[in-house]
Every structure is written in C-alpha cells, then in structure tokens.
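A short worksheet on the structure shown next.
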Number of protein chains: 2
Amino acid sequence: MTAQHHPERRPEDYDARVSPFVERFAADLTEAGMQRMAARVFACLLASEQGALSSAELSERLRCSPAAVSGAVRYLSQVHMISREREPGSRRERYRLHQDIWYETFTNRDAFLDRWTATLRSGSEALGPDTEAGRRVRETTEFFDYLKGELGGLLERWRAQRDATGGGPGGAEPPRARD
Amino acid sequence: MTAQHHPERRPEDYDARVSPFVERFAADLTEAGMQRMAARVFACLLASEQGALSSAELSERLRCSPAAVSGAVRYLSQVHMISREREPGSRRERYRLHQDIWYETFTNRDAFLDRWTATLRSGSEALGPDTEAGRRVRETTEFFDYLKGELGGLLERWRAQRDATGGGPGGAEPPRARD
DNA sequence: CGCTTACTTCAGAAATTTGTGAAGTTAAGG
DNA sequence: CCTTAACTTCACAAATTTCTGAAGTAAGCG
C-alpha cells in the first residue's frame, strides 16, 4: 500500500526530517494569510523529490483526509500555483508545482494589484482632487502602480541571475525539459 | 456630539461617498489575508482628511463598538502601520497613519521574509544538497533573499520619484513637516 | 460488464475568529 | 477629591472556516 516506487528517500525520513520543515513553512504561509491546508499541500509539494505528488501521497504525508487534499488542490490550481496532470494509464492524478513557481505566483499577483488600484482610483475620485485624503489615496494608487511596473523586471532579473548561476560548474541544475 | 471642528467634508459625505470606498478597499485587504476590522480601520484612516482619527470617530464611521476599534488599533500598531498619539490636554487618543505608510509597511515585511528564509534554509539542510527537493527549496530561499535585497532599492526609487514629481508646479504636496 | 481504485462533493461537527456589551482603568477638569 | 470621558480588557455569543466521514462519480482492469 505504501508508495515506494520512486527513488525517494526512505519514507521514515519524511516524518523525521522533512515533515517538520513542511509544517513550519506551511505555518509561515498561513500566518501570511494562506488557507492552512493549501499551505500544507503546497509546502509538501515543495519538499517532494519530484515537485509532484498524488492525492494519496499527500494525504498520507499530511495525515489528513483525501477530502481535505481535494479542497486544497482545487484552491491551489485556481490561483495557478499547481497544475494537475493525469498519469497515463492510471486513474491517479498528480499535482505538480508549476515550473518557475515563484515567477508564476508573483506574476499572478498582478491581478491583486489591479483590483487594488481600481478600488483606489475610484476612492480618489470620491474624495476629490483638492483634499488631503484624496491626495493620500492618489499617492497610494501610484505606489501600487509603481510596484506593478517594477515587479515584472524584478522577476526577470531574478530568473536571469538564477539561470546564469545554475549554468556554472557543479552541475546544480540540468536545464529542465519543458515537458 | 459630532466632530465638526475640522475643515473636513460634511459628515453625510462620509456615508455617501467615502464609506463605499473604505469598505471596498478593506475587503480587498481582507481577501489578501488581513484581519477584517484592522483592514477597515486602516482604510478609514487612509480616507480621512488628516490621516488620523480618534477611537470615537472610527467607531462612528465604521459603525462598530469601541472594543472592536481597540483590538484593531492594537494590531495595527504592533505591525507598525499606525502610531498612537495623545491629543495634549485631552484624554482622546488619535491613531495616525505613519508618514510614508507604504515605505514603512513594506520595509517591515522584511521580518516576514527573514522568518521565511530561516525556515527554508533549515529545510534545505534537512533535504540535503544532493536531492532535487533540496535544490528546489534552496532556489526558493534564494528567491526570497533576492526579493529582500531588491525591495529596499525599489522603495527608495519610488520615494525619490514621488518626491521629485510632488516638487513640480501645481502645489500638489507641501514638503510635509516632520511634526 | 461489473469490480475496484481514485478522487470529488456534501452535510455536518469541531475549532477558530470576530465583534459585542459590561465592567475596569486612567486621567482631565471642576 | 469626585465626576466623567475615553479607552481597554474580558467573557461570551455569533459567524466563519476547516476538516472529516460517507456517499457519489469516473475510469482502469480483469
């Protein structure tokens, strides 16, 4: 019944060494506003050898019901942090972290920023151009606009830097096949 | 009973024009993980003429109990988004948005990033340097380190740009006295 | 074709968060 | 001093979130 097909570390290592990290990082994410189970699933995938696990593997490692996993992965794929793929010739589904997970995730934050700036713009109109409150809200709008504008470049630079470093000696990262 | 000492817009304007904005922006913040009442108080201060309100004013505008305001402002000052000041010769306290609120707020996010990178570093050790999971977690650590490093400069550049713009013609923003 | 596995959905129990009224504390002002 | 205003703290009620077991659906496999 246990999933030992992969050249992963021995299962007992998960509990002893990996689980504490998963739970701690999940707690960090939860504190920052993420749903708890979604955070646990995400952290568990991050710490998995392949960056992908099935529902059964997740519910075993996290000691929670398949139902809880189901809810969490639905959320995570809605916000584009994971993708779901079917193992061919099996009804087992695998939930996989996106390639370039942080690039993806932070890019999707644009949607948040757009909503916020829309709200703020309507607010600055309601307050009027000749009030201090209006000025403050306008400045806030400009801040988030600026942030949005900068974010893209920042992410690109990080990607470039990472790829440059990874290309050095030490064989850290084989240029991952796109599929 | 009503506070009409300030050259604010007429009180009825708050309900009709400002409150919808306050509630909408508060909802945006809540959706992003902020406590609801804290978000409402913050949004209300943002939309206030002076960037500062007393507990009574807040509980009137938000139609909530003084107790709820008390809890929210405690939280907001813990995370350094507002400061509390006493009006001299009065037992009325005012809660004031920090100057440079976004600069401050995002700078304080460093604490979050520090906690995350600490967790991630311990995780990459637990996973070991020769595993794909370890590599992934290490890359994540590096991403957040990079983010932290860039954030300071980004904020400085925004501040510089804003101050430059504000200094132009049109008298948009008098160089705010530090006190 | 049914059997079985793998996942999803749903109703509800449990836990957590949120906000209130009431009582308490502190300090201004007569 | 005593009164009163302004906030805080606390206990509890209400609302919300979170997770589970049970029942349902779909697809591989014999």
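The values are calculated or read from the model by the stated rules, or taken from the named source; none is laboratory data. Everything quoted here is computed from the prediction, not taken from an experiment. Here Cβ is always computed from backbone atoms with ideal geometry, including for glycine, and neighbour counts include all displayed protein chains. When the accessible area is computed, the model is the full protein with side chains, heavy atoms only, and any ligands, DNA or RNA have been set aside. Shrake-Rupley method; radii C 1.70, N 1.55, O 1.52, S 1.80 Å.
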Quiz prompt | Distance between region B:119-161 and region B:82-100 - C-alpha centres, whole angstrom | solution = 37
Self-check item: Value of D in µm² per second that Stokes-Einstein yields for region A:11-97, Kirkwood Rh from Cα pairs, at 10 °C (1.306 mPa s)
Solution: 124
Quiz item: Can you give the helix-only mean residue ellipticity at 222 nm for chain A, where every DSSP H stretch with n ≥ 4 adds -39500 (n - 2.57) and the sum goes over all residues, rounded to the nearest 500 deg cm²/dmol?
Solution: -20000 deg cm²/dmol
Exercise. Go ahead and set up a Gaussian network model of chain B, Cα springs under 10 Å, then flag whichever of B:161, B:35, B:50 fluctuates most.
Key: B:161
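At a threshold of 8 angstrom on Cα-Cα distance, excluding pairs fewer than six apart, so keeping six or more, what relative contact order does chain B reach in percent?
Values: 146 pairs, mean separation 22.4, N = 179.
Computed value for chain B: 12 percent relative contact order.
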Quiz prompt | Dimensionless Rg/Rh of region A:67-107 - Kirkwood Rh, Rg from C-alpha atoms | solution = 1.03
Quiz item: Among B:68, B:164, B:26, which one moves the most in a GNM of chain B with springs linking Cα atoms closer than 10 Å?
Solution: B:164
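Based only on the alpha carbon positions, what is the Kirkwood hydrodynamic radius of chain A, in angstrom? Before the final figure, lay out the partial values.
Values: mean 1/r = 0.0523 Å⁻¹.
Roughly 19.1 Å, rounded to one decimal.
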Quiz item: Counting only Cβ atoms, what residue of chain B lies nearest to the axis that sends chain B onto chain A, and how many whole Å off?
Solution: B:33, 1
Quiz prompt | Cβ-vector label at 7 Å, residue B:16, separations to other copies in nm | solution = 7.2
Quiz item: If you place +1 on the Cβ of every Lys and Arg and -1 on the Cβ of every Asp and Glu, how big does the dipole about the Cα centre of chain B come out, in debye to the nearest 20?
Solution: 460
Self-check item: Dipole magnitude of region A:101-166 about its Cα centre (Cβ charges: Lys, Arg +1; Asp, Glu -1), debye to nearest 20
Solution: 160
Quiz item: Points 7 angstrom from Cα along the Cβ direction at residue B:159 and residue B:32: gap in nanometres?
Solution: 2.0
Quiz item: Convex hull over the Cα atoms of the protein assembly as shown, averaged projected area in nm²?
Solution: 21.8
Quiz item: Hey, any idea what the orientation-averaged projected area of the convex hull of region A:101-166's Cα atoms comes to, in nm²?
Solution: 4.7
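When only the heavy atoms of the protein chains count and the probe is 1.4 Å, how do A:142, B:57, A:125 rank by accessible area, highest first?
Sorted descending by solvent-accessible area, the residues read A:125, A:142, B:57.
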